[in-house]
1. Looking only at residues in the range B:1-59 that are acidic (Asp, Glu) and in a loop (DSSP other than H, G, I, E, B), which one is surrounded by the most Cβ atoms within 10 Å (Cβ to Cβ)?
2. Take the residues of the range B:24-41 that are touching a Lys or Arg at 6+ places or on another chain (Cβ under 9 Å) and closer than 17 Å to B:Thr5 by Cβ: which is farthest from the other protein chains (Cβ to nearest Cβ)?
3. Has the range A:79-91 got at least one residue that is touching a Ser or Thr at 6+ places or on another chain (Cβ under 6 Å), within 14 Å of chain B (Cβ to nearest Cβ) and over 21 Å from A:Ala17 (Cα atoms)?
4. Across the range A:47-74, what is the number of residues that are hydrophobic (A, V, I, L, M, F, W, C), modelled with pLDDT of 95 or more and more than 13 Å from the chain's Cα centre (by Cα)?
5. Taking the range B:37-79, which residues are among the small types (Gly, Ala, Ser) and either under 10 Å from the mean Cα position of the chain (by Cα) or modelled with pLDDT of 95 or more (or both)?
6. Could you list all residues from the range A:30-47 that are surrounded by fewer than 22 Cβ atoms within 10 Å (Cβ to Cβ) and either within 8 Å of chain B (Cβ to nearest Cβ) or among the aliphatic types (A, V, I, L, M) (or both)?
7. Enumerate the strands (runs of 3 or more DSSP E) found wholly within the range A:36-93, keeping only those where 1 or more residues are under 20 Å from A:Gln104 (Cα atoms).
8. Name the residues in the range A:26-41 that are within 17 Å of B:Gly40 (Cα to Cα) and modelled with pLDDT of 95 or more, would you?
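The values are calculated or read from the model by the stated rules, or taken from the named source; none is laboratory data. All of these numbers come straight from a predicted model, not from anything done at the bench. Reconstructed Cβ throughout: ideal geometry from the backbone, glycine too, with neighbour counts over all protein chains shown.
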Amino acid sequence: RKEVEQDPGPFNVPEGATVAFNCTYSNSASQSFFWYRQDCRKEPKLLMSVYSSGNEDGRFTAQLNRASQYISLLIRDSKLSDSATYLCVVNIRPQGAQKLVFGQGTRLTINP
Amino acid sequence: EAQVTQNPRYLITVTGKKLTVTCSQNMNHEYMSWYRQDPGLGLRQIYYSMNVEVTDKGDVPEGYKVSRKEKRNFPLILESPSPNQTSLYFCASSSGLAGIYEQFFGPGTRLTVL
């Protein structure tokens, strides 16, 4: 089982739709969780951190479910500019160390 | 402007010809890291450095070397490149432990080894 798993997609949704991604992680000791966004052929950039209580940033909502070991990202009222690959990133903390593991990414295309 | 720079951005080389990809950050970050990104495999860490003269292996260190003589620079060295090292490489830095703080990535270096 991979340490961090994402549905690679691609997801094709119409502009204005709501879309949700999940990401599962295998290590229950995992501590920090993030969503990064990567545009085609560009570097990843932090979209948002994921907090235990869930958090929202404009049209984006991130949730953490420790019992089921997954995090989610919800995008409301999607825009054409949301087209990108979304990377789930988990600090899996093997033996107390800090280790960031990236999911392979979920590709999203918003269609006009 | 706060940034991470990498050079070169694109490189085509032949098997066995030593090369160095430079990485520099101007944010006074302690933590720096190198990743490679391959289709279907996501980003995998090659090496990382917690501070000057402190480096350690990531998940895929074979065939690579690094050094951290100055805080701002973290070059990646391929002593004898092979075709399986053809990939997109990213350097990243953060102000502290990478698991807690945001990582800032360079623009990437696309390497092709023939």
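1. Applying the first criterion (acidic (Asp, Glu)) to the range B:1-59 yields B:1, B:30, B:38, B:53, B:56, B:59.
From what is left, the residues that are in a loop (DSSP other than H, G, I, E, B) are B:1, B:30, B:53, B:59.
On the way: B:Glu1: 3, B:Glu30: 18, B:Glu53: 10, B:Asp59: 14.
Across the range B:1-59, the extreme among qualifying residues is B:Glu30.
2. Restricting attention to the range B:24-41, the residues satisfying the condition of being touching a Lys or Arg at 6+ places or on another chain (Cβ under 9 Å) are B:24-30, B:32, B:35-38.
Then keep just the ones that are closer than 17 Å to B:Thr5 by Cβ; that gives B:24-29, B:32, B:35.
Numbers: B:Ser24: 15, B:Gln25: 13, B:Asn26: 16, B:Met27: 14, B:Asn28: 19, B:His29: 14, B:Met32: 13, B:Tyr35: 8 Å.
Among them, the one singled out is B:Asn28.
3. At the first step, the residues of the range A:79-91 found to be touching a Ser or Thr at 6+ places or on another chain (Cβ under 6 Å) are A:83, A:86, A:90-91.
From what is left, the residues that are within 14 Å of chain B (Cβ to nearest Cβ) are A:86, A:90-91.
Next, from what is left, pick out any that are over 21 Å from A:Ala17 (Cα atoms): A:90-91.
Checking the range A:79-91: at least one residue is touching a Ser or Thr at 6+ places or on another chain (Cβ under 6 Å), within 14 Å of chain B (Cβ to nearest Cβ) and over 21 Å from A:Ala17 (Cα atoms).
4. 0
5. Restricting attention to the range B:37-79, the residues satisfying the condition of being among the small types (Gly, Ala, Ser) are B:40, B:42, B:49, B:58, B:63, B:67.
Result: B:Gly63, B:Ser67.
6. Result: A:Gln31, A:Ser32, A:Arg41, A:Lys42, A:Glu43, A:Lys45, A:Leu46, A:Leu47.
7. On the way: elements: A:45-50, A:55-57, A:60-65, A:70-75, A:84-91.
Ranges flagged: A:45-50, A:60-65, A:70-75, A:84-91.
8. Answer for the range A:26-41, where residues must be within 17 Å of B:Gly40 (Cα to Cα) and modelled with pLDDT of 95 or more: A:Tyr36, A:Arg37, A:Gln38, A:Asp39.
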